[in-house]
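The values are calculated or read from the model by the stated rules, or taken from the named source; none is laboratory data. Note that the structure is a prediction, hence the values are computed from the model and not measured. Reconstructed Cβ throughout: ideal geometry from the backbone, glycine too, with neighbour counts over all protein chains shown.
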Amino acid sequence: MVTTTSHATDRVSPSGLGFAVSAYVLWGAMPIVFFSLKESGAIEIVAWRIVLSLVFCAALLLVTRGYVRVLVIIRDRKTFWSLGLAGVLVVINWLIYVYASLNGHIVEASLGYFTNPIVTVLLGVIILRERLRPLQWVALGISALAVLVLAIGYGSFPWIALGLAFSFGLYGLVKKSVGPKADALGGLAVETAFLTPIAIVVLLVLSANGTLSVGSVSTGHTVLTLFLGAITAIPLILFAAAARRLPLTYMGLAQYLAPILQLVVGVFVFHEAMPPERWLGFAIVWVALAILTFDLFRHSSRIRLGSPSDAPGAP
C-alpha cells in the first residue's frame, strides 16, 4: 500500500472516485489472496511479490515507453537512494501484513491502517517539526488512549497494528520527499529493483532447501503466485490515477475503505475474535479519525476561502 498526495483542484471526478474505490477495494481484499497462498509462508510470498512486481512494472514501462522516466530517476542520486529507502520500508510493511494475513491477525492489521493517518500526523511532528492544530492534538491523545485500551484488553502490545502504521507512515514521508520526481509506476520499479537481488537469493535458498512451494502445491497456487506482481502494481496504478483527479480530502476519506474491508474479512470470512474490549479500542480509534477528518475538511475549506491565517502549515 501508498499515501495520499496533495491535489491541485477541488473538482470531484467520477472517474477519479471509481479509480480510488477500485484501488482500496483491491487492497482490502488482499488478505484473502495471501491466505490462499498460506503454504508458501510470508517470506516466500514477499520475495515473489518483489521479483514479480519488478517484472510487471518493467513490462508496463516497456509498453508505455516509461523507461525514460526511470532513467531520469536513476540519474538523480538523491531520488534514487530515497526510493531505495522507500523499498526497504515497504517490504517491512509487506512482511508484517502478509504475516498477519496468514496467522489470524487480519483484524489487527486493519487497525494498523485505520491508525496510519494519525501516525502520519505524529511523524510529521517528530520528523518534520510540523505544528499541529488543536484538534489534531486531540486526535493524537485519543489514539494513545485506544492503544492503551487495546494493549490491556488484548493482553499484549498491538505490535502488528503499530508496525504497519509506522512502516507505512515512514514510507509515506520518504515518498513525500521524492514528490513528483518519481511517478507511481517508475517509483515502484526502482523500489523493487533495489530489493530484487535479495529476493532472488531468498528464493534460491528456499529452492535448495526443498521448501519452495511454487510448483509443488497445485496449479492454482502456482498461477496465483505468478499474478502477485499484477496484484501488487494494479491497485497502485489505480491509486495514482485517482490522486491526479481527486482533492486530498476525498482521497483521505477513500483510504478508510481498505481497513473497513480488512475488518469485515477478518471478522466475517476468517471469524477472528472481536471481544468487547477490542470493539472499544476500535471505537476510540474511529472517534480520533472522525476528529482528524473533520479538522481536515474544515482546514481545507478555510484554505479555499483564502484566509491568510489558515495557510498550509499554520497552527
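Results, tabulated for the structure shown:
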| quantity | calculated |
| --- | --- |
| Given (1) modelled with pLDDT under 85; (2) assigned to a helix (DSSP H, G or I); (3) within 30 Å of W137 (Cβ to Cβ), number of the condition Q262 does not satisfy | (1) |
| Within segment 180-195, tally of residues that are closer than 14 Å to K78 by Cα and among the β-branched types (V, I, T) | 1 |
| All positions within segment 47-59 that are β-branched (V, I, T) and surrounded by fewer than 24 Cβ atoms within 10 Å (Cβ to Cβ) | V51, V55 |
| Helices (runs of 4 or more DSSP H) lying entirely in segment 128-233 (those with 2 or more residues that are in contact with a helix residue (DSSP H, G or I) (Cβ under 8 Å, 6 or more places away or on another chain) and surrounded by 19 or more Cβ atoms within 10 Å (Cβ to Cβ)) | 134-154, 159-178, 184-208 |
| Any pair with Cβ under 6 angstrom, 6 or more apart, that starts in segment 235-254 at a residue that is at pLDDT 75 or above and ends at one that is aromatic (F, W, Y) | P235/W27; L238/F19; A241/F19; A242/F19; A254/Y24 |
| Test: residue in segment 79-97 that is assigned to a helix (DSSP H, G or I), over 30 Å from R278 (Cβ atoms) and without any contact (Cβ under 8 Å) to a residue 12 or more places away in the chain | yes |
| Failed item, numbered, when H271 is tested on (1) over 18 Å from the mean Cα position of the chain (by Cα); (2) at negative phi | (2) |
| Pick from segment 270-310, criterion at pLDDT below 85 and of a type in the set (K, R), ranking: nearest to Y256 (Cα to Cα) | R298 |
| Pairs with Cβ under 6 Å, 6+ apart, first in segment 139-159 and aromatic (F, W, Y), second surrounded by 14 or more Cβ atoms within 10 Å (Cβ to Cβ) | F157/A151 |
| Selection count, segment 66-79, where residues are surrounded by fewer than 17 Cβ atoms within 10 Å (Cβ to Cβ) and closer than 18 Å to L173 by Cβ | 1 |
| Filter result for the condition that a residue is of a type outside the set (S, T, Y) and under 19 Å from F282 (Cβ atoms), over G112, G124 | G112 |
